[in-house]
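Trainee: Please read through the structure below; I'll follow up with questions.
The values are calculated or read from the model by the stated rules, or taken from the named source; none is laboratory data. Please read all numbers here as calculations on a predicted model, not as lab measurements. Heads up, the Cβs are rebuilt from the backbone with ideal geometry, glycines too, and the neighbour counts pull from every protein chain shown.
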Number of protein chains: 2
Amino acid sequence: MAQNIYDNPDFFAGYSRLPRQVDGLDGAPEWPAIRRLLPDPSDKRVADLGCGFGWASRWFRERGAASVLGLDLSQNMIARAKADTNDSAIDYRIADLDTLDLPAAAFDLVYSALTFHYVQDFARLVRTIHTALTPGGDLVFTIEHPIYMAAAHPRWTADEDGRKTWPVNGYAREGERRTDWFAKGVLKHHRTLATTINTLIGAGFALQRMEEFAPTPDQIAENPNLAEELERPMMLLVSARKA
Amino acid sequence: MAQNIYDNPDFFAGYSRLPRQVDGLDGAPEWPAIRRLLPDPSDKRVADLGCGFGWASRWFRERGAASVLGLDLSQNMIARAKADTNDSAIDYRIADLDTLDLPAAAFDLVYSALTFHYVQDFARLVRTIHTALTPGGDLVFTIEHPIYMAAAHPRWTADEDGRKTWPVNGYAREGERRTDWFAKGVLKHHRTLATTINTLIGAGFALQRMEEFAPTPDQIAENPNLAEELERPMMLLVSARKA
């Protein structure tokens with residue numbers, strides 16, 4: 001079972017103040033890159049795994065999705081998503097992605113943002129998603145990049161010239177990583193990039209595209225703090241199709 | 001045009017003493033992982049891009065390849081490959097992968113080991129390879145991992161616990177990297193992992209599998225120095241198929 005840190009009061013209070021939670025999708029600098037990976041949601045049956053406050057679930061409906069199933073482990077998240085949504089075609093439910101069952105061939109698009117790195121058994125989840133998609137259906141997801149997650153002390157250092165430098169160690173050692181992020185000991189599961197991609201291909205997906213998010217010059221001009229994301233890959237964005 | 005560092009006498013002298021040049025394929029710890037990516041070479045027409053001393057070219061023939069075209073930029077390499085080979089079905093030639101032309105649909109397998117990171121125009125080369133393969137043909141290659149190549153000072157550091165740690169910076173800034181390796185200013189071309197994979201897919205390849213080489217426990221027991229390769233991804237191994 002995944003750790004339910006999002007129902008920890010301290011975590012939830014801090015997390016809720018993140019720009020991407022206050023401002024929604026436009027508060028996430030990687031959102032334009034995600035949009036380029038997404039198919040047209042028109043008339044599609046969408047599952048949003050780790051839907052949080054429901055920002056993306058509502059966006060899919062605004063863009064014409066036939067229906068959206070929004071799932072999240074956190075009671076806090078689902079309660080807030082329901083409160084913020086007035087749309088009978090969006091169904092929010094509490095679910096643990098480590099034990100998820102979905103009906104077969106019931107979705108045309110499965111989407112997930114920054115959630116799968118909390119899942120322990122990624123291979124199981126990918127098989128579940130593959131079965132739940134119709135042929136030709138798409139899986140589009142983002143995770144924390146394995147390079148961002150791997151190290152024992154994942155925080156900025158400086159090289160001999162004083163340049164911001166990201167440390168990597170333990171990369172090949174897959175498994176639990178504990179970090180302090182709004183709460184002590186937030187549990188994530190490190191997998192190499194190769195494991196992530198090979199798991200998709202092994203389950204029957206064809207890789208369509210991947211992105212290692214980097215901000216554009218316009219984004220850096222607007223928010224100079226983003227420049228550091230040129231130094232390291234922080235997020236991995238993947239588009240895969242059920243053959 | 002790619003830099004021809006391999007015909008620099010100092011470089012060549014040092015390079016020639018590497019275990020993988022003295023002992024051949026078995027001197028390369030990633031070779032067992034490469035073999036798992038390779039199709040059965042029997043009756044296949046093979047191109048070996050960056051063939052060096054011809055170790056792999058000869059291996060393909062030993063395993064039943066119909067013919068092998070071994071290409072390398074270095075006169076030293078090709079001269080040594082020819083001297084070490086007695087097989088009329090292996091054709092060694094000098095060629096620059098940045099300006100390479102190959103006949104259409106003339107190969108069933110294109111192989112390249114630790115060469116493509118010297119190529120400036122990877123997209124051009126991938127299109128050339130795609131055209132040169134028969135439908136269903138395979139491209140199997142290894143490169144220095146982008147995480148290994150990216151930093152301004154790509155050498156081991158230590159984290160606050162003294163653990164071997166690999167530095168990453170400048171990851172999103174693609175282009176030239178200069179390092180000192182047997183000679184000053186060896187020129188490599190950094191591309192993100194996403195660019196590498198998307199270039200393959202964009203040219204019409206289906207990604208089959210990728211590996212970020214990590215030594216096995218048996219390999220580490222035999223050669224304890226290899227343990228450091230668990231800390232960082234040093235090599236990327238890719239298998240892709242022409243659809």
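Trainee: Among (1) more than 14 Å from every other protein chain (Cβ to nearest Cβ); (2) buried (at least 20 other Cβ atoms within 10 Å of the Cβ); (3) out of contact with any Ser or Thr (no Cβ under 9 Å at 6 or more places or on another chain), which single condition is A:ILE147 missing?
Mentor: For A:ILE147, the failing item is (1).
Trainee: Counting just the residues of the stretch A:142-162 that are outside any loop (DSSP other than H, G, I, E, B) and over 22 Å from the mean Cα position of the chain (by Cα), which one comes out nearest to A:ILE197 (Cα to Cα)? Steps first, answer last, please.
Mentor: The initial filter retains those residues of the stretch A:142-162 that are outside any loop (DSSP other than H, G, I, E, B), namely A:142-144, A:146-149, A:157-158.
Of the ones still in play, those that are also over 22 Å from the mean Cα position of the chain (by Cα) are A:157-158.
On the way: A:THR157: 29, A:ALA158: 31 Å.
Top of the filtered list is A:THR157.
Trainee: Every residue in the stretch B:205-241 that is acidic (Asp, Glu) and without any contact (Cβ under 8 Å) to a residue 40 or more places away in the chain, please. So that I can check it myself, show each step before the final result.
Mentor: Of the stretch B:205-241, the ones acidic (Asp, Glu) are B:211-212, B:218, B:222, B:228-229, B:231.
B:ASP218, B:GLU222, listed by residue number.
Trainee: In the set B:LEU207, B:LEU200, B:LEU236, which member is within 7 Å of chain A (Cβ to nearest Cβ) and not hydroxyl-bearing (Ser, Thr, Tyr)? Talk me through it step by step, then tell me what you get.
Mentor: Details: B:LEU200 fails: within 7 Å of chain A (Cβ to nearest Cβ); B:LEU236 fails: within 7 Å of chain A (Cβ to nearest Cβ).
The conditions single out B:LEU207.
Trainee: Of all residues in the stretch A:143-185, count the ones that are closer than 19 Å to A:LEU230 by Cα and not aromatic (Phe, Trp, Tyr). Full working, then the answer.
Mentor: Kept after step one, since they are closer than 19 Å to A:LEU230 by Cα, are these residues of the stretch A:143-185: A:143-151, A:154-168.
Narrowing further to those that are not aromatic (Phe, Trp, Tyr): A:143-147, A:149-151, A:154-155, A:157-165, A:167-168.
Number satisfying all stated conditions: 21.
Trainee: Here are A:LEU139, A:LEU125, A:LEU97: which of them is more than 14 Å from chain B (Cβ to nearest Cβ), closer than 30 Å to B:ALA214 by Cα, assigned to a helix (DSSP H, G or I) and under 21 Å from the mean Cα position of the chain (by Cα)?
Mentor: Working: A:LEU139 fails: assigned to a helix (DSSP H, G or I); A:LEU97 fails: assigned to a helix (DSSP H, G or I).
Matching residue, one of A:LEU139, A:LEU125, A:LEU97: A:LEU125.
Trainee: Is it the case that some residue within the stretch B:8-15 is part of a loop (DSSP other than H, G, I, E, B) and among the aliphatic types (A, V, I, L, M)? Show your work before the answer.
Mentor: Taking the stretch B:8-15 and keeping what is part of a loop (DSSP other than H, G, I, E, B), we get B:8.
Next cut, among the aliphatic types (A, V, I, L, M) only: none.
No, there is no match, as no residue in the stretch B:8-15 is part of a loop (DSSP other than H, G, I, E, B) and among the aliphatic types (A, V, I, L, M).
Trainee: Next question, about the same structure. Which one of these is in contact with a strand residue (DSSP E or B) (Cβ under 8 Å, 6 or more places away or on another chain) and either of a type in the set (S, T, N, Q) or free of Cβ contacts under 8 Å to residues at least 24 places away in the same chain (or both): A:SER16, A:SER67, A:SER42? Full working, then the answer.
Mentor: Working: A:SER16 fails: in contact with a strand residue (DSSP E or B) (Cβ under 8 Å, 6 or more places away or on another chain); A:SER42 fails: in contact with a strand residue (DSSP E or B) (Cβ under 8 Å, 6 or more places away or on another chain).
Exactly one of A:SER16, A:SER67, A:SER42 is in contact with a strand residue (DSSP E or B) (Cβ under 8 Å, 6 or more places away or on another chain) and either of a type in the set (S, T, N, Q) or free of Cβ contacts under 8 Å to residues at least 24 places away in the same chain (or both), namely A:SER67.
Trainee: Residues that are polar (S, T, N, Q) and either at negative phi or at pLDDT 95 or above (or both): find the helices (runs of 4 or more DSSP H) completely inside the stretch B:19-67 holding 1 or more of those.
Mentor: Result: B:19-22, B:55-62.
Trainee: Give the stretch A:210-232 a look and list any residue that's within 14 Å of chain B (Cβ to nearest Cβ) and part of a helix (DSSP H, G or I), or say none.
Mentor: We begin by selecting, within the stretch A:210-232, every residue within 14 Å of chain B (Cβ to nearest Cβ); these are A:210-217, A:219-220, A:226-232.
Once the filter is applied, which keeps residues that are within 14 Å of chain B (Cβ to nearest Cβ) and part of a helix (DSSP H, G or I), the stretch A:210-232 yields A:PRO217, A:GLN219, A:ILE220, A:LEU226, A:ALA227, A:GLU228, A:GLU229, A:LEU230.
Trainee: On to the next question. Give the residues of the stretch A:96-127 that are surrounded by 16 or more Cβ atoms within 10 Å (Cβ to Cβ), within 17 Å of A:ALA206 (Cα to Cα) and not hydrophobic (A, V, I, L, M, F, W, C), sorted by residue number.
Mentor: A:ASP108, A:TYR111
Trainee: Shifting gears a bit: Answer yes or no: is there a residue in the stretch B:150-159 that is at pLDDT 95 or above, buried (at least 22 other Cβ atoms within 10 Å of the Cβ), more than 23 Å from B:PHE12 (Cβ to Cβ) and within 13 Å of chain A (Cβ to nearest Cβ). Before you say what the answer is, go through the steps one by one.
Mentor: First, pick out the residues of the stretch B:150-159 that are at pLDDT 95 or above: B:150-159.
Those left that are additionally buried (at least 22 other Cβ atoms within 10 Å of the Cβ): B:150-151.
Among the residues that remain, those that are also more than 23 Å from B:PHE12 (Cβ to Cβ) are: B:150-151.
From what is left, the residues that are within 13 Å of chain A (Cβ to nearest Cβ) are B:150-151.
Yes, the stretch B:150-159 has at least one match.
Trainee: I'd like to verify a number: residues in the stretch A:179-202 that are within 19 Å of the chain's Cα centre (by Cα), of a type outside the set (S, T, N, Q) and farther than 23 Å from B:ALA203 by Cα, how many?
Mentor: Matching residues across the stretch A:179-202 total 9.
Trainee: Continuing with the same structure: Among the numbered criteria (1) in contact with a Phe, Trp or Tyr (Cβ under 8 Å, 6 or more places away or on another chain); (2) facing chain B (nearest Cβ under 7 Å); (3) under 18 Å from B:LEU193 (Cβ atoms); (4) part of a strand (DSSP E or B), which one does A:THR165 miss?
Mentor: The one condition A:THR165 does not meet is (3).
Trainee: Let me ask something additional. How many of the residues in the stretch A:120-179 are of a type in the set (Gly, Ala, Ser) and touching a residue at least 24 places away in the same chain (Cβ under 8 Å)?
Mentor: Qualifying residue count, the stretch A:120-179: 5.
Trainee: Does A:ASP180 fit the bill of being touching a Ser or Thr at 6+ places or on another chain (Cβ under 6 Å), charged (D, E, K, R) and more than 10 Å from chain B (Cβ to nearest Cβ)?
Mentor: Numbers: touching a Ser or Thr at 6+ places or on another chain (Cβ under 6 Å): no; charged (D, E, K, R): yes; more than 10 Å from chain B (Cβ to nearest Cβ): yes.
The answer is no for A:ASP180.
Trainee: I need the full set of residues from the stretch A:182-204 which are part of a loop (DSSP other than H, G, I, E, B) and free of Cβ contacts under 8 Å to residues at least 24 places away in the same chain, in order please. Full working, then the answer.
Mentor: Initially, the stretch A:182-204 is screened for residues part of a loop (DSSP other than H, G, I, E, B), giving A:182-185, A:191-192, A:203-204.
Once the filter is applied, which keeps residues that are part of a loop (DSSP other than H, G, I, E, B) and free of Cβ contacts under 8 Å to residues at least 24 places away in the same chain, the stretch A:182-204 yields A:LYS184, A:GLY185.
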